[in-house]
Amino acid sequence: MVSGPLFFSTIDVTRQAFLRTALSYAIVNLKPIVPGHVLVIPTRPVKRLIDLSSEEVTSLFSTAQKVGKVVEEAYKADALTIACQDGKAAGQSIPHVHIHILPRRSKGDKFENDNDQIYPALEKSESELSRDFQISQGQKHEVLKVDADEHRTLRSVEEMEKEAVWLRSLFLSD
């Protein structure tokens, strides 16, 4: 396993990481849309997919595939929503490529009655991501909006680290 600090753009996410390769890593989400919502990120901070080398793209998507398999099983899901908002106009708020992996269920899923509502939720989540990460890291931010969805609370670093340790243990048995 690769060691050292991990940065999602300029944000230290080392304690949230549960899988690391030489070119990519996976972290638990600060404010998951559904249980098990995680991010897969290239180690090198680049803004757009096109900026990645072919080796980095391979690593990013191989890691996403591996993480998706484990997260789907761990959260007893039967499908995944996998999304990448590539650029500001697409809704990307942190200028560092990342892939969202969301475990989904046919029954009991928050969006089972209107599956397409996951996309506006994801866009809203992405728009809040930069502000929420700054808050979680103890950085000041001018505007703190209350999220209307009480199920998506801002988690502490300790809560995220606990989930990361559990998920990391699932990869050790591979």
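No lab work stands behind these numbers, since they all come straight from the coordinates. Remember, predicted model here, so these are calculated numbers, not experimental data. All Cβ positions, even for glycine, are placed from backbone atoms using ideal geometry, and neighbour counts span all protein chains on display.
Worth pointing out:
- Taking residues in the stretch 42-53 that are under 9 Å from residue 86 (Cα atoms), and partners anywhere that are of a type in the set (Val, Ile, Thr) and assigned to a loop (DSSP other than H, G, I, E, B), the pairs with Cβ atoms closer than 9 Å and at least 6 places apart or on different chains are 47/97; 48/97; 49/97.
- Residue in the stretch 110-126 that is within 20 Å of residue 155 (Cβ to Cβ), free of Cβ contacts under 8 Å to residues at least 12 places away in the same chain and either under 13 Å from the mean Cα position of the chain (by Cα) or part of a helix (DSSP H, G or I) (or both) present: yes
- One residue from 8, 18 being among the aromatic types (Phe, Trp, Tyr), over 15 Å from residue 163 (Cβ atoms) and within 13 Å of the chain's Cα centre (by Cα): 8
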